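Input: a single structure, listed below in C-alpha coordinates.
The values are calculated or read from the model by the stated rules, or taken from the named source; none is laboratory data. Just so it is clear, the model here is predicted, and its values are computed rather than measured. Reconstructed Cβ throughout: ideal geometry from the backbone, glycine too, with neighbour counts over all protein chains shown. In case anyone asks, the SASA skips ligands and DNA or RNA and just uses the protein heavy atoms, side chains included. Shrake-Rupley method; radii C 1.70, N 1.55, O 1.52, S 1.80 Å.
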Amino acid sequence: MNLILLGAPGAGKGTQAEIICDALGIPAISTGNILRDAVKHQTPLGLEAKQYMDSGDLVPDSIVINILKERIQKDDCKNGFILDGFPRTVPQAEALDQMGVVIDRVIEILVEDDVILTRLSGRRICEDCGASYHLEYNPPKQAGVCDRCGGKLIQRADDVPETIRERLHVYHEQTEPLKNYYYDSGKLIVVEGQEKVEDTSALVRKAVEA
Ligand code: AMP
(Lines give C-alpha, C1' and ligand atoms only; values in the text may rest on other atoms or scores of the structure.)
Protein backbone atom coordinates (compact mmCIF):
# COMPACT_ATOMS: atom_id res chain seq x y z
CA MET A 1 0.00 0.00 0.00
CA ASN A 2 1.33 3.43 -0.95
CA LEU A 3 0.10 6.26 1.25
CA ILE A 4 0.62 9.99 1.29
CA LEU A 5 0.16 12.01 4.46
CA LEU A 6 -0.73 15.56 3.61
CA GLY A 7 -0.97 18.47 6.04
CA ALA A 8 0.67 21.67 7.16
CA PRO A 9 4.04 21.49 8.93
CA GLY A 10 3.29 20.56 12.53
CA ALA A 11 -0.04 18.87 11.76
CA GLY A 12 1.38 15.62 13.14
CA LYS A 13 2.17 13.82 9.89
CA GLY A 14 5.51 12.52 11.17
CA THR A 15 4.05 10.97 14.31
CA GLN A 16 1.17 9.39 12.40
CA ALA A 17 3.55 8.10 9.72
CA GLU A 18 5.58 6.32 12.42
CA ILE A 19 2.43 4.78 13.91
CA ILE A 20 1.24 3.46 10.53
CA CYS A 21 4.77 2.26 9.79
CA ASP A 22 4.71 0.14 12.97
CA ALA A 23 1.21 -1.15 12.26
CA LEU A 24 1.63 -2.03 8.58
CA GLY A 25 5.35 -2.79 8.47
CA ILE A 26 6.00 -0.44 5.56
CA PRO A 27 8.58 2.37 5.84
CA ALA A 28 7.72 5.98 6.59
CA ILE A 29 9.69 8.24 4.29
CA SER A 30 10.20 11.84 5.33
CA THR A 31 12.03 14.02 2.80
CA GLY A 32 12.49 16.54 5.63
CA ASN A 33 14.38 13.93 7.69
CA ILE A 34 16.53 12.93 4.71
CA LEU A 35 17.38 16.59 4.09
CA ARG A 36 18.10 17.30 7.77
CA ASP A 37 20.45 14.33 7.83
CA ALA A 38 22.28 15.73 4.80
CA VAL A 39 22.54 19.13 6.51
CA LYS A 40 23.87 17.52 9.68
CA HIS A 41 26.57 15.68 7.73
CA GLN A 42 27.32 18.73 5.60
CA THR A 43 27.06 16.83 2.33
CA PRO A 44 26.85 18.90 -0.90
CA LEU A 45 23.08 18.24 -0.89
CA GLY A 46 22.84 19.41 2.72
CA LEU A 47 24.82 22.58 2.07
CA GLU A 48 22.52 23.47 -0.80
CA ALA A 49 19.29 22.58 0.99
CA LYS A 50 20.10 24.38 4.26
CA GLN A 51 19.52 27.90 2.97
CA TYR A 52 15.99 27.02 1.83
CA MET A 53 15.13 25.04 4.95
CA ASP A 54 16.34 27.65 7.41
CA SER A 55 14.21 30.33 5.80
CA GLY A 56 11.11 28.11 5.65
CA ASP A 57 11.10 27.81 1.87
CA LEU A 58 10.82 24.66 -0.18
CA VAL A 59 13.91 22.96 -1.53
CA PRO A 60 13.73 22.97 -5.36
CA ASP A 61 11.58 20.23 -6.91
CA SER A 62 14.41 18.71 -8.97
CA ILE A 63 16.43 18.01 -5.79
CA VAL A 64 13.64 16.44 -3.71
CA ILE A 65 12.25 14.46 -6.63
CA ASN A 66 15.67 12.81 -7.07
CA ILE A 67 15.93 12.08 -3.36
CA LEU A 68 12.51 10.44 -3.36
CA LYS A 69 13.16 8.47 -6.52
CA GLU A 70 16.31 6.95 -5.05
CA ARG A 71 14.69 6.23 -1.71
CA ILE A 72 11.67 4.34 -3.04
CA GLN A 73 13.89 2.08 -5.13
CA LYS A 74 15.31 0.54 -1.96
CA ASP A 75 14.32 -2.99 -1.01
CA ASP A 76 12.25 -2.04 2.03
CA CYS A 77 9.76 -0.21 -0.21
CA LYS A 78 8.78 -3.34 -2.14
CA ASN A 79 5.49 -3.71 -0.27
CA GLY A 80 4.70 -0.02 -0.15
CA PHE A 81 5.54 3.11 1.80
CA ILE A 82 4.14 6.10 3.61
CA LEU A 83 5.20 9.49 2.32
CA ASP A 84 5.46 12.23 4.94
CA GLY A 85 6.22 15.67 3.49
CA PHE A 86 6.28 14.60 -0.15
CA PRO A 87 4.81 15.65 -2.53
CA ARG A 88 4.63 19.31 -1.55
CA THR A 89 4.00 20.83 -4.98
CA VAL A 90 1.95 19.80 -8.00
CA PRO A 91 5.12 19.11 -10.09
CA GLN A 92 6.28 16.71 -7.32
CA ALA A 93 2.94 14.87 -7.49
CA GLU A 94 3.22 14.71 -11.27
CA ALA A 95 6.75 13.32 -10.92
CA LEU A 96 5.41 10.53 -8.69
CA ASP A 97 2.87 9.67 -11.38
CA GLN A 98 5.60 9.69 -14.00
CA MET A 99 7.67 7.29 -11.90
CA GLY A 100 4.74 4.88 -12.18
CA VAL A 101 3.94 5.05 -8.47
CA VAL A 102 0.32 4.19 -7.79
CA ILE A 103 -0.97 6.00 -4.72
CA ASP A 104 -3.72 4.17 -2.86
CA ARG A 105 -4.76 6.88 -0.45
CA VAL A 106 -3.96 10.45 0.49
CA ILE A 107 -4.80 11.37 4.06
CA GLU A 108 -4.85 15.01 4.97
CA ILE A 109 -4.49 15.89 8.65
CA LEU A 110 -6.25 19.20 9.15
CA VAL A 111 -5.07 21.53 11.95
CA GLU A 112 -5.68 25.29 12.35
CA ASP A 113 -2.72 27.60 11.77
CA ASP A 114 -2.80 29.11 15.28
CA VAL A 115 -2.69 25.64 16.86
CA ILE A 116 0.30 24.83 14.64
CA LEU A 117 2.10 27.99 15.72
CA THR A 118 1.77 26.98 19.38
CA ARG A 119 2.75 23.39 18.66
CA LEU A 120 5.83 24.15 16.60
CA SER A 121 7.22 27.02 18.63
CA GLY A 122 7.24 24.77 21.72
CA ARG A 123 8.56 21.72 19.87
CA ARG A 124 11.95 20.29 20.77
CA ILE A 125 13.52 17.33 18.99
CA CYS A 126 16.29 14.93 19.87
CA GLU A 127 19.33 15.63 17.75
CA ASP A 128 20.27 11.93 17.85
CA CYS A 129 17.07 9.92 17.33
CA GLY A 130 14.62 12.59 16.13
CA ALA A 131 12.05 11.96 18.90
CA SER A 132 9.73 14.90 19.29
CA TYR A 133 8.63 16.70 22.50
CA HIS A 134 6.71 19.82 23.45
CA LEU A 135 7.87 22.08 26.27
CA GLU A 136 4.34 22.32 27.68
CA TYR A 137 2.22 19.46 26.28
CA ASN A 138 4.73 16.63 26.08
CA PRO A 139 7.83 17.56 28.10
CA PRO A 140 10.71 15.12 28.53
CA LYS A 141 11.24 13.68 32.03
CA GLN A 142 14.47 15.65 32.34
CA ALA A 143 14.64 19.08 30.70
CA GLY A 144 16.72 19.08 27.52
CA VAL A 145 17.32 15.31 27.52
CA CYS A 146 15.62 12.72 25.29
CA ASP A 147 13.62 10.08 27.25
CA ARG A 148 14.23 7.52 24.51
CA CYS A 149 17.99 7.71 23.93
CA GLY A 150 19.42 10.32 26.31
CA GLY A 151 20.33 12.60 23.37
CA LYS A 152 20.28 16.39 23.54
CA LEU A 153 16.98 18.15 22.74
CA ILE A 154 17.22 21.08 20.36
CA GLN A 155 14.89 23.51 18.67
CA ARG A 156 14.82 23.13 14.89
CA ALA A 157 16.13 26.25 13.17
CA ASP A 158 12.82 26.48 11.27
CA ASP A 159 10.66 26.16 14.42
CA VAL A 160 10.91 29.85 15.37
CA PRO A 161 7.66 31.85 14.99
CA GLU A 162 8.71 33.96 11.98
CA THR A 163 9.85 30.91 10.01
CA ILE A 164 6.79 28.89 11.06
CA ARG A 165 4.59 31.65 9.57
CA GLU A 166 6.58 31.48 6.34
CA ARG A 167 6.27 27.68 6.24
CA LEU A 168 2.50 27.97 6.71
CA HIS A 169 2.32 30.56 3.95
CA VAL A 170 4.31 28.26 1.63
CA TYR A 171 2.03 25.37 2.58
CA HIS A 172 -1.16 27.23 1.74
CA GLU A 173 0.25 28.56 -1.50
CA GLN A 174 2.16 25.59 -2.90
CA THR A 175 1.02 22.42 -1.15
CA GLU A 176 -2.72 22.93 -0.62
CA PRO A 177 -3.42 22.77 -4.38
CA LEU A 178 -2.52 19.08 -4.04
CA LYS A 179 -5.84 18.56 -2.28
CA ASN A 180 -7.62 19.21 -5.56
CA TYR A 181 -5.09 17.10 -7.42
CA TYR A 182 -5.92 14.05 -5.29
CA TYR A 183 -9.56 14.90 -4.64
CA ASP A 184 -10.18 14.75 -8.37
CA SER A 185 -8.86 11.19 -8.50
CA GLY A 186 -11.01 10.19 -5.49
CA LYS A 187 -8.03 9.40 -3.26
CA LEU A 188 -8.24 12.15 -0.65
CA ILE A 189 -9.57 11.54 2.84
CA VAL A 190 -9.55 14.48 5.28
CA VAL A 191 -9.05 13.80 8.99
CA GLU A 192 -9.37 16.49 11.66
CA GLY A 193 -6.25 16.55 13.83
CA GLN A 194 -7.20 15.94 17.49
CA GLU A 195 -5.56 17.18 20.66
CA LYS A 196 -4.42 13.68 21.61
CA VAL A 197 -2.13 11.75 19.27
CA GLU A 198 -4.06 8.51 19.84
CA ASP A 199 -7.37 10.15 18.88
CA THR A 200 -5.93 11.38 15.58
CA SER A 201 -4.34 8.01 15.09
CA ALA A 202 -7.72 6.23 15.41
CA LEU A 203 -9.15 8.48 12.68
CA VAL A 204 -6.11 7.95 10.46
CA ARG A 205 -6.39 4.18 10.92
CA LYS A 206 -10.03 4.29 9.79
CA ALA A 207 -8.98 6.32 6.74
CA VAL A 208 -6.27 3.78 5.89
CA GLU A 209 -8.76 0.92 6.17
CA ALA A 210 -11.56 2.74 4.30
P1 AMP B 1 9.54 18.85 7.15
O2 AMP B 1 10.37 18.17 8.17
O3 AMP B 1 8.73 17.92 6.30
O4 AMP B 1 8.70 19.98 7.72
O5 AMP B 1 10.57 19.55 6.12
C6 AMP B 1 11.49 20.52 6.56
C7 AMP B 1 11.96 21.34 5.39
O8 AMP B 1 12.59 20.51 4.42
C9 AMP B 1 10.85 22.06 4.61
O10 AMP B 1 10.47 23.29 5.21
C11 AMP B 1 11.51 22.26 3.26
O12 AMP B 1 12.47 23.30 3.29
C13 AMP B 1 12.30 20.95 3.10
N14 AMP B 1 11.47 19.91 2.45
C15 AMP B 1 11.08 18.71 2.96
N16 AMP B 1 10.36 18.01 2.08
C17 AMP B 1 10.27 18.78 0.97
C18 AMP B 1 9.62 18.64 -0.30
N19 AMP B 1 8.91 17.54 -0.60
N20 AMP B 1 9.77 19.64 -1.19
C21 AMP B 1 10.50 20.73 -0.93
N22 AMP B 1 11.11 20.95 0.24
C23 AMP B 1 11.00 19.99 1.19
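Just to be sure before I move on: is Val101 under 14 Å from Gly7 (Cα atoms) and either in contact (Cβ under 8 Å) with a residue 40 or more places away in the chain or open to solvent by 10 Å² or more (accessible area, probe 1.4 Å) (or both) in the structure I sent? No. Given the structure, is Arg119 open to solvent by 20 Å² or more (accessible area, probe 1.4 Å), at pLDDT 95 or above, outside any loop (DSSP other than H, G, I, E, B) and more than 10 Å from the ligand (Cβ to nearest atom)? Criteria not met by Arg119. The single residue among Gln155, Gln92, Gln73 that is within 14 Å of the ligand (Cβ to nearest atom) and more than 21 Å from Lys40 (Cα to Cα) turns out to be Gln92. Contact map, segment 49-76: residues that are closer than 17 Å to Asp159 by Cβ and open to solvent by 70 Å² or more (accessible area, probe 1.4 Å) paired with residues that are more than 8 Å from the ligand (Cβ to nearest atom) and part of a helix (DSSP H, G or I), Cβ distance under 8 Å, separation 6+ or inter-chain. Pairs shown: Lys50/Val39.
On the stretch given as segment 25-47, residues that are touching a strand residue (DSSP E or B) at 6+ places or on another chain (Cβ under 9 Å) and in a loop (DSSP other than H, G, I, E, B) total 2. In segment 190-209, the qualifying residues are those that are in contact with a Lys or Arg (Cβ under 9 Å, 6 or more places away or on another chain) and at pLDDT 95 or above, and the one that is surrounded by the most Cβ atoms within 10 Å (Cβ to Cβ) is Val191. Could you check, for segment 144-151, whether at least one of its residues is open to solvent by 60 Å² or more (accessible area, probe 1.4 Å) and among the β-branched types (Val, Ile, Thr)? Looking for residues that are open to solvent by 60 Å² or more (accessible area, probe 1.4 Å) and among the β-branched types (Val, Ile, Thr), one finds none in segment 144-151, hence no.
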